[in-house]
Amino acid sequence: MVKLEPGIYQNPPGYEIDFDIIQSFEFNLDLRRPEKNLIPNYIIAYGRLCTVLELKTKHLAGLVFKRISVFKTNHELNHFLEAWIDYSQLLQNNLGLKVPAQGYAICLSFTQRPVLYIIQEKMPAHALGHNAIHLVNRAEMITFFGRILELLLNWSKFNHDYAEQKISLGGHLSDWVIEGYDPQRPGLDQDAPLIYIDSSVPIFKSDGIEKIDRDLMMRSIPSLLKFFVHKSHIEVYFSRFYNIREVVINILADFYKEKRPDLIPELVMAFNQFSIQGNVKHFDLKPIQIKEVKEFYRKDIAYHSILSITRKFDRS
């Protein structure tokens, strides 16, 4: 069991973090005006359960921090951290996925509540999937998408073969990094190595039971939306991330978001051909239709627009 107390941290392999800087940032953090913090920082994104950011100091260069602040007690954080460690091992040892060098730090907020920072090695921006699709040529794009499908197939086989363990995966282009990709030296091998970076929220089941409490997910929802969201909605939302077809639709919808809808017909065709191959056929995957991707994107963009507005209300 992880021993939990403020000040506990684990360095990502190859890095020596300065914990005092992270604790200072957290203690002085004003969520409405994070740019006013004494520690220079940059908010990269708001994730499902975390805020993704950089702390702009030389002691923490080359790292990304995923701040998770939904815990009311040390016990809740301890349980989540144990699940995260197990999830990271499942991704690497059971699915064969490569993840960035990563560690963690446990801090205290100004209100004396525990806050967890998942720490990851920062990946080159041009190698992130949602950026790389603007740099690779069409043939390389098909190769990149094919590599994602191969890794998703391994994941789906694991979930199919091992009833006692079910692992979720995220459904965004930005979850995948082309390791070693150099836009100045075009060319993408058929076995191009990919890195999976969406490993901070440990959504997985053991003996049919979710390892993290859905109450944590509910707490991450902006207060205005909580009147309309029930735990059952959370269940439906996260069930998508156990299903290969739903994850692929999610990834394809990102091509609308990234202003590359021209690629979608070819990629839909690639998935549909992939789904009838001998080693995939037994999953009985229905072909994806472009209208499904469009409809998913329409709903997703509407949801995230509402989410952005209500989050601003919470921070005002």
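The values are calculated or read from the model by the stated rules, or taken from the named source; none is laboratory data. This is a predicted model, so every value here is computed, not measured. When we count neighbours, we look across all protein chains shown, and the Cβ atoms used for this are built from the backbone with ideal geometry, even at glycine.
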Under 22 Å from Ser220 (Cβ atoms) and surrounded by 13 or more Cβ atoms within 10 Å (Cβ to Cβ): does that describe Phe27?
-> yes
Given the conditions (1) over 26 Å from Leu63 (Cβ atoms); (2) in contact (Cβ under 8 Å) with a residue 60 or more places away in the chain; (3) crowded, with 17+ Cβ neighbours inside 10 Å, report the number of the one that Asp254 does not fulfil.
-> (1)
Which of the residues that make up region 266-312 are of a type in the set (A, V, I, L, M), closer than 30 Å to Ile43 by Cβ and touching a residue at least 60 places away in the same chain (Cβ under 8 Å)?
-> Ile306, Leu307
Region 173-184, subset under 18 Å from Arg240 (Cβ atoms) and touching a helix residue (DSSP H, G or I) at 6+ places or on another chain (Cβ under 6 Å), residue surrounded by the fewest Cβ atoms within 10 Å (Cβ to Cβ) | Ser174
Return the total of residues in region 152-165 being more than 30 Å from His126 (Cα to Cα), of a type outside the set (Gly, Ala, Ser) and surrounded by fewer than 19 Cβ atoms within 10 Å (Cβ to Cβ).
-> 7
Mind checking which residues of region 233-286 are hydroxyl-bearing (Ser, Thr, Tyr), part of a helix (DSSP H, G or I) and at pLDDT 85 or above?
-> Ser239, Tyr242, Tyr256
Of all residues in region 105-140, which are among the β-branched types (Val, Ile, Thr) and either surrounded by 18 or more Cβ atoms within 10 Å (Cβ to Cβ) or in contact with a Leu (Cβ under 8 Å, 6 or more places away or on another chain) (or both)?
-> Ile106, Val115, Ile118, Ile119, Ile133, Val136
Under the condition of being of a type in the set (Lys, Arg) and in contact with a strand residue (DSSP E or B) (Cβ under 8 Å, 6 or more places away or on another chain), which residue from region 143-172 is nearest to Ile244 (Cα to Cα)?
-> Lys166
